[in-house]
Amino acid sequence: MGPCMTNAIQPIHLEGCILALRGQRVILDADLALLYGVTTKALNQAVKRNSKRFPHHFMFQLTVEEKRKVVTDCDHLARLRFSPAKPRAFTEHGAIMAATVLNSERAIEASIQIVNAFVRLRQLRAANPDLARKLDEFGDRLTFHDKAIAVLFDEIRKLAEPVAEPEPEPKRRIGFRMPGSD
């Protein structure tokens, strides 16, 4: 069971659902739907019906590359691997707004816990600025290394591809030929 897959909302598990993407702390639609007790489809439909409430700084859609990375890095998101949809990422404000459009008791309770989890993460970051700086540097280094490894694998794949043999030139016949006969 992943960190967000519980019936009872437990703050310690919520922090494992909050990810850093595009320089922001976000929670993905699949995790948010589990916390709010609805399907991801129902959550996304409610968001779509109320799209004016979700400006780009409240919610954004992941790119294919971002989706691949979060699925690879977060074990509890493995269920998204074969989904054709690109997940939506909700900031703290977007998660609260999602609770208002769902308007259920569970969504209200969960939104309070989500806000508390975001606040705890901000407090931890503020209390340990050196650690936060090191984590940011480490994340940048990992991103650089990921790109370098991807280039390396592409080059290895190219080397592993079979080389097409050139077509042999037709052999010329040796000997006397009568004009007009081939």
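What number of residues in region 23-58 are basic (Lys, Arg) and in contact (Cβ under 8 Å) with a residue 40 or more places away in the chain?
Total meeting the criteria: 3.
Quick one: is Ala117 assigned to a helix (DSSP H, G or I), crowded, with 19+ Cβ neighbours inside 10 Å and within 17 Å of the chain's Cα centre (by Cα)?
So Ala117 fails the test.
Any read-out appearing in this document is the output of simple, stated calculations on the displayed coordinates, not a laboratory observation. Because the structure is a prediction, the values reported are computed rather than measured. For neighbour counting, all protein chains shown are included, and Cβ atoms are generated from backbone atoms with ideal geometry for every residue, glycine included.
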